[in-house]
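Engineer: Sharing a structure below in structure tokens format, with a few things to ask.
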Ligand code: NDP
């Protein structure tokens, strides 16, 4: 067995693999994604907006040139790029009461972004904002979203508190028809979809979940009216006499458990799989240092991070964080093996370097748990037994410490999850935990049908929906264009750069690409822009020929990174695929593609010449 504090040389790799396998096997279940339920029916009110009152308005029935669905960073980055390109005739439709997307909705206490703000916050040079800290809290991110909207005049034509319910292509008129929950029927020549990868909350399908009679809410709809406090960190005085339970210990729970432990009379954390918690080391951004960064600094930082995080080489590590640390260790090992130990550089050598670095990192992470958490049994339960990238890595300097707070109890479920819920609380084993309040930190839809994740269906030429079209896996050119769905542009990362450690980088690039495409359409007077079927299929074949990385790795402990532990088929591989040569190569490729003026693979045509 590997000792928690062992050096890489001391790690018993065979024993470690056996332990990883044993822990994974405990968690494997046959229902995969079906274990979760949608917030519909009795749970539909969990989606209500607790932050903004929905003001009644007359339904709209009009026409716009371009519609951007989603006012999160996808819509904001695309809107900014369109304005920069002088393209002004667009409207944004957003379900929330303001811009911000996930940062509008996720206001849970302690919410922050664990990708460094210097690269995560988009358009910093354009807006002149200096992040206050290396990693910033949600209110600052939400404020930045609004800053982008103000800088680029995006409040000019926006429909807030408006949820798209259906998007349908009218082939004869060459227009998209957008239906919303406010009764709007809007016709739009072009539609850009920025609905985000992880925004529709899901609930665990625990028997009896519907019977709980206490207060309950999902982390992405935090009810400060009940808990007291504010997203800025004011104490939640409403919890001072409450027994609070939280289900889930993913990236979200890791951030809000500290404040809950501080403020609740008693806190019960129901854990199925512990997260890996690496060091955060947050610090302020020095204004003098920031002021001296020259023009173009953010692009340089973005590419530096993307390069280092995905295994490339660079002279210096500008971001220097937990994401680049693991890559740094792998690189150092490869260099040592080749230049000092005289080994030949082969794919196996790279795999060995990765595994050794990961074993070392995870051994450190388990040792950190032991060093911080005072109760040995609790510390044992909090140790993650899997590779770091099997699940979303977490970085925090207060989470583990929270378990030293009197009144905070970790209820480990031996990988099985909560067994049953009743009117008054939660059952684990033969023990009933009586609760006043139950917080769902159970995550967001991933891997389910596209329409279900968006919250609406997109119906293309011939009445086919995107969900049907992608039933056997996403098929696009560059992640953005889908044949039979003309004039529709998907803003995301899959089948493109797929840089999951810094999502907004994908979005600013996609916004630039779309601005070029629409600029060209205007120049040549094209009414319809559609990907050629052969070009789409060539792109898909290229992606299919590539390994899907961790997303396809059934050896990992189950989670949304690996299809909940079920072997990945074509659908899962395609849905999670990215450019085979990696994000940096994709960014270079797409920059050349959009600036070549050729837009290879796309047809720009007049509606009259359509088939
Ligand atoms: P996750 O899907 O990561 O976590 C859900 C949690 O619920 C898991 O711990 C899961 O356990 C647990 N769970 C599910 N069902 C049960 C059950 N029946 N009994 C007990 N536990 C259960 O959701 P999060 O909201 O934490 O994070 C989602 C994503 O949001 C992150 O991966 C990240 O991409 C993003 N995020 C980003 C942040 C940032 O800093 N940029 C911050 C927060 C979130 P198990 O692990 O066993 O499945």
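Every read-out reported here was derived from the displayed coordinates using simple, explicitly stated rules and does not represent laboratory data. Please read all numbers here as calculations on a predicted model, not as lab measurements. Counting neighbours? That spans all protein chains shown, and the Cβs are built from the backbone with ideal geometry, glycine included.
Engineer: If you look at just the Cα atoms of the chain, how large are its Rg and its Dmax in Å?
Structural biologist: 24.3, 74
Engineer: I want to check the label-to-label distance for residue 349 and residue 542. Put each point 7 Å from Cα in the C-beta direction and report it in nm to one decimal.
Structural biologist: Roughly 2.9 nm, to one decimal.
Engineer: Also, quick follow-up: Which parts of segment 16-40 would a label at residue 448 reach, counting a residue when its backbone N lies under 13 Å from a point 7 Å out along Cα-to-Cβ?
Structural biologist: Under cut-off, by backbone N: 33-40.
Engineer: May I ask you to work out the translational diffusion coefficient for segment 317-456 at 20 °C, viscosity 1.002 mPa s, via Stokes-Einstein with Rh from the Kirkwood sum over Cα pairs, reported in whole µm²/s?
Structural biologist: 113
Engineer: Between helix 297-309 and the chain, what is the angle of the helix's C-alpha long axis to the longest principal axis, kept within 0 to 90° and rounded to the nearest 10?
Structural biologist: 60
Engineer: Taking the Cβ-Cβ separation of residue 45 and residue 434 as r and a Förster radius of 25 Å, what is the calculated FRET efficiency to the nearest 0.05?
Structural biologist: That gives a FRET efficiency of 0.60.
Engineer: Helix 583-595 against the longest principal axis of the chain: what's the angle in degrees, Cα atoms only, rounded to the nearest 10?
Structural biologist: 10
Engineer: May I ask you to order 81-91, 104-114, 333-343 by the average number of other C-beta atoms within 10 Å around their residues, highest value first?
Structural biologist: 104-114, 81-91, 333-343
Engineer: For labels at residue 405 and residue 153 in the simple 7 Å Cα→Cβ model, what's the distance in nm?
Structural biologist: Here the answer is 4.7 nm between the modelled labels.
Engineer: Could I ask something else about it? If I take R0 = 30 Å and measure r between the Cβ atoms of residue 532 and residue 571 in this structure, what FRET efficiency does the formula 1/(1 + (r/R0)^6) give, to the nearest 0.05?
Structural biologist: Rounded to the nearest 0.05, the efficiency is 0.80.
Engineer: Sorted by average packing, counted as other Cβ atoms within 10 angstrom per residue and highest first, what order do 192-203, 564-575 take?
Structural biologist: My ranking of the peptides, most packed first, is 192-203, 564-575.
Engineer: Normalise the Cα radius of gyration of segment 199-296 by 2.2 N^0.38 Å (N = residues in it) and let me know the number.
Structural biologist: That ratio works out to 1.42.
Engineer: Tilt of helix 73-84 relative to the longest C-alpha principal axis of the chain, in degrees (0 to 90, nearest 10)?
Structural biologist: 40
Engineer: Compute the whole-percent fraction of alpha carbon pairs in segment 284-386 spaced more than 16 Å apart.
Structural biologist: Value for segment 284-386 (Cα pairs over 16 Å): 68 percent.
Engineer: Sticking with this structure for a sec: Using alpha carbon centroids, what distance separates segment 384-437 and segment 128-172, in Å?
Structural biologist: If we compute the Cα centre of each part, the gap is 34 Å.
Engineer: Ranked highest first by average number of other Cβ atoms within 10 Å, how do 123-134, 456-467 line up?
Structural biologist: Listed from highest to lowest mean packing, they are 456-467, 123-134.
Engineer: For residue 57 and residue 524, compute 0.36 nm times the residue count separating them, minus their Cα-Cα distance, and round to one decimal in nm.
Structural biologist: Going from the current span to full extension adds 164.3 nm.
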